[in-house]
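The values are calculated or read from the model by the stated rules, or taken from the named source; none is laboratory data. Quick caveat: nothing in here was measured; it's all calculated off a predicted structure. Positions of Cβ are backbone-derived with ideal geometry, glycine not excepted, and every protein chain shown enters the neighbour counts.
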Amino acid sequence: MPATMHYTKPYTRVKPDLALRDHVRHAMDSFYNSLQGEYPENVYHMVLTEIEHPLLESTMKYTGQNQSQAAQILGINRGTFRKKLAFYGML
């Protein structure tokens, strides 16, 4: 089962001023408000594409550029992680 399939509770170990979900909600509200009634397509894919690159960057920075640790933290296979790094020109 993928890591995201059994993740049911918000991450609560650290209590930031705003939880990640609140930042996402704010960003999405701003995005939709800027559309002025237009209906975009493929928003789900757009959001995932927008967050993946900084997610990889931040995780690599956190692990001191250790790809194995970063992949483990993200809950993805190291090979998949390397493909994503290559896609974003991070190798």
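Only one of the numbered conditions (1) more than 16 Å from the chain's Cα centre (by Cα); (2) modelled with pLDDT under 90 is violated by Gly64, and that is (2). Any residue at all in segment 76-83 that's within 27 Å of Arg25 (Cβ to Cβ) and touching a residue at least 40 places away in the same chain (Cβ under 8 Å)? Yes, there is a match, as at least one residue in segment 76-83 is within 27 Å of Arg25 (Cβ to Cβ) and touching a residue at least 40 places away in the same chain (Cβ under 8 Å). Restricting attention to segment 67-81, the residues that are closer than 15 Å to Leu55 by Cβ, in contact with a helix residue (DSSP H, G or I) (Cβ under 7 Å, 6 or more places away or on another chain) and not small (Gly, Ala, Ser) total 4. Residues in segment 24-57 that are farther than 24 Å from Tyr88 by Cα and either of a type outside the set (Asp, Glu) or assigned to a helix (DSSP H, G or I) (or both): Arg25, His26, Asp29, Ser30, Tyr32, Asn33, Ser34, Leu35, Gln36, Gly37, Tyr39, Pro40.
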